[in-house]
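Notes for the one structure printed next.
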Amino acid sequence: MNTIQKFFGHLSTVTRHRHLVIAHCARAGILWQGLRHDLSKYGKTEFWQGVRFFDGTHSPTEDERRTLGYSLAWMHHKGRNRHHWEYWTDYSVTEKRYVPMPMPRRFMAEMLCDRIAASKIYNGAAYTDAAPLDYLMRGKMHDAMHPETRRTLERFLTQLRDEGEAAMFASLRAWVKEKP
């Protein structure tokens, strides 16, 4: 794939993903967050690394990590986007190390919208409502999440798998509006 194809392929993938997240955020009652979702992906640091490692089948950050040993785009992204659980880590003075913090509800809801949209984009016609939960459970990243964040994520993704989008988004919208 040449650079022009990678440029337009990456631009298209990011934009289709973002538009799906906007639609999902509207259903979750957090439209404003959806409109601001992943704008950093269009900036110099994230966009050009995405073009460089784009192949259209998975996130370019995976190949960037394999090639460089780290992902500059991901480190930039997670540090600026509060819908990633990795953003919610801080130094614990009692434990003397970095630890995960619970995520505020509106960012947790955006993370759910983001994960569902990413599953739809990367799985294409093979997408099922079980795909986002399957992806979470296959990975090891969830082991480092705050336990409350993990439980909430699993709860809504399980509901998506078992009851479908309409039920899950209705529950998510109500949950976001509840007082914590």
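Of note:
- Checking each residue in the range 28-55 for being aliphatic (A, V, I, L, M) and free of Cβ contacts under 8 Å to residues at least 40 places away in the same chain picks out Leu31, Leu35, Leu39.
- Remark: pairs (first residue in the range 91-111, open to solvent by 40 Å² or more (accessible area, probe 1.4 Å); second residue of a type in the set (A, V, I, L, M) and part of a loop (DSSP other than H, G, I, E, B); Cβ separation under 9 Å; 6+ apart in sequence or on different chains) = Arg106/Ile30.
- Filter pass, Tyr127 being in contact with a Lys or Arg (Cβ under 7 Å, 6 or more places away or on another chain) and either in contact (Cβ under 8 Å) with a residue 24 or more places away in the chain or surrounded by 14 or more Cβ atoms within 10 Å (Cβ to Cβ) (or both): yes
- Subset tally (residues that are more than 23 Å from Val176 (Cβ to Cβ) and in a loop (DSSP other than H, G, I, E, B)) for the range 90-112: 4
- Subset tally (residues that are of a type in the set (Lys, Arg) and in contact with a Ser or Thr (Cβ under 6 Å, 6 or more places away or on another chain)) for the range 46-76: 1
- Options Thr61, Thr15; residue that is in a helix (DSSP H, G or I), surrounded by fewer than 21 Cβ atoms within 10 Å (Cβ to Cβ), modelled with pLDDT of 95 or more and not charged (D, E, K, R): Thr15
- Selection within the range 23-43 - outside any loop (DSSP other than H, G, I, E, B) and open to solvent by less than 30 Å² (accessible area, probe 1.4 Å): His24, Cys25, Ala28, Gln33, Gly34, Ser40
- Just one of the listed residues (Ala170, Ala174) is touching a Lys or Arg at 6+ places or on another chain (Cβ under 9 Å), modelled with pLDDT of 95 or more and open to solvent by 40 Å² or more (accessible area, probe 1.4 Å), namely Ala170.
The values are calculated or read from the model by the stated rules, or taken from the named source; none is laboratory data. Predicted model, so just to flag it, every value in this text is computed and none were measured. Backbone-built Cβ (ideal geometry, glycine too); neighbour counts: all protein chains shown. We work out accessible area using only protein heavy atoms, side chains counted, and drop any ligands, DNA or RNA first. Shrake-Rupley method; radii C 1.70, N 1.55, O 1.52, S 1.80 Å.
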